[in-house]
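To start, the structure itself, in structure tokens.
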Amino acid sequence: MQPLVSILIPTYEPNPAFLKEAIDSAIAQTETRWTMLIHDDCSTADVESMVKDYQKDPRITFTRSPVRLGIGGNWNACLKMCHGEPVEPRPPFIQFLFQDDIWKPTYLAHMITALEENPSAGFASGGHIYACDISHEIEKLYQDVHRTREYFKTGLHDGSTLLKDWITQELHPNIIGEPSFVMLRRSLVDSVGPFAEDMPQFLDVEYWTRCLLKADWVWVKGNLGSFRVHEAGASAQNQVSGAGIYDRLRCFEQIIHSLPSSDLKIAAIKARNKALDGMAKKFLHRLRGKKKIPTQGSSGMWKFAMRHPVLMMRSLLRAIFSL
């Protein structure tokens, strides 16, 4: 039986109960034509023991990095190993599943059908709920994401049109979704390349923008699973530390430089300038609250300031007078 989907589970210091629920939800899929790679990012916990019994299934493989790669590095390691799968031909679809998340039994079947019925689509997203066990501020953020997605019609969306609309909203919120609920054609991944490993927070959004430049997108509305939000999760940790504060600006800069002169490029420049104001406000709020100012990605911000000193100064002044 030829597998259709490469399921990739990147792990790092996983909660054993959450990881078990995630793997069990994959095994319970009505679509059984898949392979699974569990790749651990040098956890101190013995993740191999946690998944030992699962490896009795010939479809499931476990590997471990000897050094810490970080979030993006772990995702890319999964992609690299999945490209070297011994199965020929390699499965046409790639699907991440994070260690805390859960699929409904028909998730894979719905995603495969959506892509098979829409050959121009390079990727498809499935509706899901957010299981929040965290502060009200973070919970409200995810509720806003859920409400925004509810406005989308089920079915095919033109990539360029959707990207332009998303850019005018400053790429906020993440309308495409978390990788656990986005299925990708392998051919699109081959074309788009790896994730940006030096982005701590915005790397999935940045990846989706590159995908939309090359392919259309399919939205499958409904409740196909659960994305778990908790204090130990990367998004919550980044919210506290401020990691990723510069990612949005970098993402816009990459879009702008990748585009020829066009309406889309003009829209990206306008949205970048608005996003710069928001970044300046966050920067000053952390400064006033005597919170640590993150340094990851700051080199790109300083290079931008050197190229666009007037834009940067205007944003800082507007942020100061708005406080």
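Just so you know, all these numbers are worked out from the coordinates, no wet-lab data involved. Values in this document were obtained by computation on a predicted structure and should not be read as measured data. Neighbour counts run over all protein chains shown; Cβ positions are idealised from the backbone, glycine included.
Observations, loosely collected:
- Each part gets one Cα centre, and for the stretch 156-187 versus the stretch 1-47 those centres are 24 Å apart.
- When each of the peptides 33-39, 4-10 is scored by how many other beta carbons lie within 10 Å of its residues on average, the order from highest to lowest is 4-10, 33-39.
- Violating pairs (Cα-Cα greater than 30 angstrom) within the set LYS80/LYS153; LYS52/LYS80; LYS153/LYS265; LYS104/LYS265: LYS80/LYS153; LYS104/LYS265
- Efficiency of FRET from Cβ geometry, MET313 and THR30, R₀ 41 Å, rounded to 0.05: 0.10
- Förster radius 41 Å - calculated FRET efficiency between ASP144 and GLU48, Cβ distance, rounded to 0.05: 0.60
- Note on SER191 and TYR151: the model spin-label points, each 7 Å out from Cα along the C-beta direction, lie 2.8 nm apart.
- Label sites at GLU85 and LYS265, each approximated as a point 7 angstrom past Cα along Cα to Cβ, lie 3.8 nm apart.
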